[in-house]
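The values are calculated or read from the model by the stated rules, or taken from the named source; none is laboratory data. In this text the structure is predicted, and so the values were computed from the model without any measurement. In this analysis, Cβ positions are derived from the backbone assuming ideal geometry, glycine residues included, and neighbour counts consider all displayed protein chains.
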Amino acid sequence: MNKLLALFFTLLIVYQLNAQVELSGVINQYSKVTNIELDNCQNKITVADISPFDEGQFVVLIQMQGATINESNSASFGDIQELNNAGFYEINEVVSIDGSDIYLKYQNQHEYNINGNVQLITMPNYGDANVANTLTAEAWNGETGGVLALKVSGQLLLGANIDVSGLGFRGGETQTASNNNCTWLFQQNDYFYDFGNWRGSAKGEGIASIIVDKEFGKGPQANGGGGGNDHNAGGGGGANISNGGAGGENDEPSTFGCQGNHPGLGGKGIGNIENRIFLGGGGGAGHDNNEVATDGSNGGGIVILIVEELIPVGFSILANGTSTPDGGGDGAGGGGAGGSIFLEVQGLNSTVHLEANGGDGGMVNNGGGERCHGPGGGGSGGRIISNLMPGGSFTTLVEGGDAGVSINSSSCSDGTNGATSGETGNIEGINNNIFASQEFLLPEANFSFTNNMLEVLFSNLSQNANTTIWNFGDGNSSSDFEPIHTYSQSGTYNVQLIISNNCGVDSFNLSLYVEVVEASFQIDEEGGCVPHTVIFQNSSLGTIDNFLWTFEGGNPATSTDVNPQVTYESSGLFDVQLEVFGAQGSDNVLMNDVIEVLEVPVANFDFFSSTLGTINFNNNSTDATFYEWDFGDGSPLSNEEVPFHIYDIFGEFIVTLTASNEYCSNTFTDTISILTSIEEVELFGVNIFPNPTSDFITIELHNIDIAEFEVFSIEGKRIDFLSGEFYYSKNLDVSTIPIGVYVISIIQYGKRGIYRFVKLE
């Protein structure tokens, strides 16, 4: 099972290696910065070599030196008085290139002084990458180098180490004293000497540049170790943010020999480190008069690594100071200080090891002779800055280098002769954003708009505008920041916004279309009787996306149809509203009481006769405003509401009443009988009794022949159920007819007799 897992992970790693960009060697390029012009409008960086840079590229701007130190010939020599701009660094982006000038996208977070060796470094940015062989940087050469910077937005597979060990500040180089005039009487105890002076050796490099005529001597060069003084004393170790170790003394066996009681002092730890990063300081050189002393060693370089997911697979990130090689006599050089590692990682696949140890001081082999030369001091540990916390998946070492020893002497025992180890470095979290992000105050024109038909409200979205000019495309303009403009007619207009400030001018153009949107409609039937159905015809103007109708009293009460159909099921006067919505605006129209719905008229009447042949009509119609009477006798029609009519002929007449309103009508008919006035013939032997009566009345004839009878109201209205034929005698039930005077018509032998009776209660 374990073998299968091992094979699986091996194949996985091989696959990842094939899928990623392979990295090895030096991937960064460096150029000395010769000028910086920064204001609110631009960040212009002039470099000595423009060839490494491209537009859109990430770059690191970093100042390597520039601190000021105490220069007095005292124990205070090398004390850091001001860091000034030394160690400031940040990541920016190239916007454009013009000749030797590079324009960066963002304002610098810090100020830089080109006299402090400022360099601009390319920072590759990959999606996924694999360190196939050791990834490193160019060594610091006094102007550029010493820094490895890399950003990976995906996975970074460490298939080999990232190693910038020994690429930092340089150790002092030994200079053989051609004329050594030392004596036991005078101690060479100064903290500085001029270059090549036999009384001292070269100091190691640090964040303060070497001072002319003070290049040699035991005083440290800020975090660079001091050089050993005459005679054959060891050099001091370099420092980073903690102190380097002091070199060892030379102990001559003879009383009158040249003693080396003034070795190089260790580099000074850098105290104020906020927003800064440093190379490890170089070790001071051992004193040399026989060409056998050793140089001071180089400090560690700087790693700036920002990665989304880190897959270490057993490899490490190293920024160690260099240890000084063993010497064969004279003074030994000091070890270099550990460098600096900045690691920001979001995901960690397995344990990663970071190391920024100081280098060991040089050892001296006295070869069994009567001498006890001075060994070198150890370099201090470096600095690790990371968002990871040391623990199971994040291991670190920032140990100081060991002091060198002097061995194999016939005059003294093996030992350090007073040389000391470098102090431990520091591990800390990330407390600053190393990406520059403050944009320049360049004018950037932009706007949007909203409109309601021809009226347009402009929203100014510009940045950094001191002056504003609008051209609306119709010959009108404005200097208001956010104007409201009304166009005279529908159309497409090209609007231009021009803004400016002290950094320049910018413009933004946008075409906009405006048109009149107007709600309008027609109605096919504004009025009618219940139920009344109306079709509404939309006649709105403009480009309309949505309609909303509101129908008071209608069914439906609302609609989103273009041409809706609505039914009104009750009478009344009703409002109609139409709202229209389009990209160019909205509008609404409200018509008050535009729909009139009336109840259907019901025609009805009754009548009575005031005299024979004259009929008075009672109009009992409802919901009508117009009336038309047809009396059934061929006479002209009447439009009176309550007419009377005189019939000049006799008989039965069908009376028709048509009751109407503005929209519909109804008809009612009834029959009127106008009785003949032929001498009311008194038929022989007719007897009607009782008269008056309440219930029954009897008709008797003298003869027994058949006769016809009809009963009429006094107004001449025939009572149908009281009519028919009879022989001799007929008993009529009048109990159900109203109280009043009635007429019985009896026809026999072609003659009619008219007889009246009174109906009582």
Among the candidates ILE535, ILE499, residue that is in the same structural domain as PHE458 (by TED's automatic domain parsing), β-branched (Val, Ile, Thr) and modelled with pLDDT of 95 or more: ILE499
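ASN197 - would you say it is over 30 Å from ILE36 (Cβ atoms), out of contact with any Cys (no Cβ under 6 Å at 6 or more places or on another chain) and not small (Gly, Ala, Ser)? Give the derivation first.
Numbers: over 30 Å from ILE36 (Cβ atoms): yes; out of contact with any Cys (no Cβ under 6 Å at 6 or more places or on another chain): yes; not small (Gly, Ala, Ser): yes.
Here the answer is yes, as ASN197 does meet what is asked.
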Selection status of GLU444, of a type in the set (D, E, K, R) and more than 30 Å from ASP506 (Cα to Cα): no
Among the candidates SER729, SER713, residue that is in contact with a Gly (Cβ under 8 Å, 6 or more places away or on another chain) and not acidic (Asp, Glu): SER713
From the options LEU148, LEU120, LEU156, residue that is over 20 Å from LEU343 (Cβ atoms) and crowded, with 21+ Cβ neighbours inside 10 Å: LEU120
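If we scan segment 282-294, do we find a residue that is in contact with a Leu (Cβ under 9 Å, 6 or more places away or on another chain), surrounded by fewer than 22 Cβ atoms within 10 Å (Cβ to Cβ) and at pLDDT below 95?
Scanning segment 282-294 turns up no residue that is in contact with a Leu (Cβ under 9 Å, 6 or more places away or on another chain), surrounded by fewer than 22 Cβ atoms within 10 Å (Cβ to Cβ) and at pLDDT below 95.
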Residue within segment 480-490 that is in contact with a His (Cβ under 6 Å, 6 or more places away or on another chain), farther than 26 Å from ARG276 by Cβ and not β-branched (Val, Ile, Thr) present: no
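Listed here are the residues, each with its yes/no results for (1) modelled with pLDDT of 95 or more; (2) among the small types (Gly, Ala, Ser); (3) crowded, with 19+ Cβ neighbours inside 10 Å; (4) in contact with a Gly (Cβ under 7 Å, 6 or more places away or on another chain).
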residue	(1), (2), (3), (4)
ALA139	yes, yes, no, yes
ASP163	yes, no, yes, no
GLY166	yes, yes, yes, yes
ASN179	no, no, no, no
LEU185	no, no, no, no
Segment 209-229: number of residues that are at positive phi and charged (D, E, K, R): 1
Every pair of residues 6+ apart whose Cβ atoms lie under 6 Å, when the first sits in segment 38-64 and is among the hydroxyl-bearing types (Ser, Thr, Tyr) while the second is modelled with pLDDT of 95 or more: THR46/THR34; THR46/ASN35; THR46/SER100; THR46/ASP101
Among the residues listed as GLY172, GLY154, the single one being at pLDDT 95 or above, of a type outside the set (Val, Ile, Thr), assigned to a strand (DSSP E or B) and over 30 Å from ILE36 (Cα atoms): GLY154
Any chance PHE447 is over 30 Å from GLY473 (Cβ atoms), surrounded by 13 or more Cβ atoms within 10 Å (Cβ to Cβ), among the aromatic types (Phe, Trp, Tyr) and modelled with pLDDT of 90 or more: no
Answer from GLY542, GLY473, GLY527 - the residue that is farther than 30 Å from THR450 by Cα, surrounded by 15 or more Cβ atoms within 10 Å (Cβ to Cβ) and small (Gly, Ala, Ser): GLY527
Hits in segment 556-589 - residues which are more than 42 Å from the chain's Cα centre (by Cα) and more than 16 Å from THR533 (Cβ to Cβ): LEU573, ASP575
Residue that is surrounded by the most Cβ atoms within 10 Å (Cβ to Cβ), among those in segment 35-63 that are under 18 Å from TRP140 (Cβ atoms) and over 36 Å from the mean Cα position of the chain (by Cα): GLN63
Filter result (over 22 Å from VAL602 (Cβ atoms), crowded, with 18+ Cβ neighbours inside 10 Å and not hydrophobic (A, V, I, L, M, F, W, C)) within segment 646-671: TYR647
Meets criteria (in contact (Cβ under 8 Å) with a residue 12 or more places away in the chain and among the polar types (S, T, N, Q)) for SER76: no
Candidate set from segment 218-253 (those that are without any contact (Cβ under 8 Å) to a residue 60 or more places away in the chain and in contact with an Asp or Glu (Cβ under 9 Å, 6 or more places away or on another chain)); member that is nearest to GLY334 (Cα to Cα): ASN229
In segment 374-395, residue nearest to the chain's Cα centre (by Cα) [restricted to those that are surrounded by 24 or more Cβ atoms within 10 Å (Cβ to Cβ) and in a strand (DSSP E or B)]: ILE384
Search result, residues across segment 455-492 that are under 21 Å from GLU518 (Cβ atoms), within 30 Å of the chain's Cα centre (by Cα) and not acidic (Asp, Glu): VAL456, LEU457, ILE484, HIS485
Filtered residue count, segment 397-411, keeping only those that are farther than 15 Å from GLY331 by Cβ and surrounded by fewer than 21 Cβ atoms within 10 Å (Cβ to Cβ): 4
Within segment 302-358, strands (runs of 3 or more DSSP E) holding 3 or more residues that are crowded, with 21+ Cβ neighbours inside 10 Å: 302-311, 340-348, 352-355
The one condition in (1) under 18 Å from LYS268 (Cβ atoms); (2) at pLDDT below 95 that GLY235 fails to fulfil: (2)
Test: residue in segment 378-391 that is without any contact (Cβ under 8 Å) to a residue 24 or more places away in the chain and farther than 17 Å from ALA239 by Cβ: yes
Single unsatisfied condition, CYS412 versus (1) closer than 21 Å to ALA239 by Cβ; (2) outside any strand (DSSP E or B): (1)
Positions within segment 565-580 being in contact (Cβ under 8 Å) with a residue 40 or more places away in the chain and within 23 Å of VAL517 (Cα to Cα), in sequence order: VAL576, LEU578, GLU579, VAL580
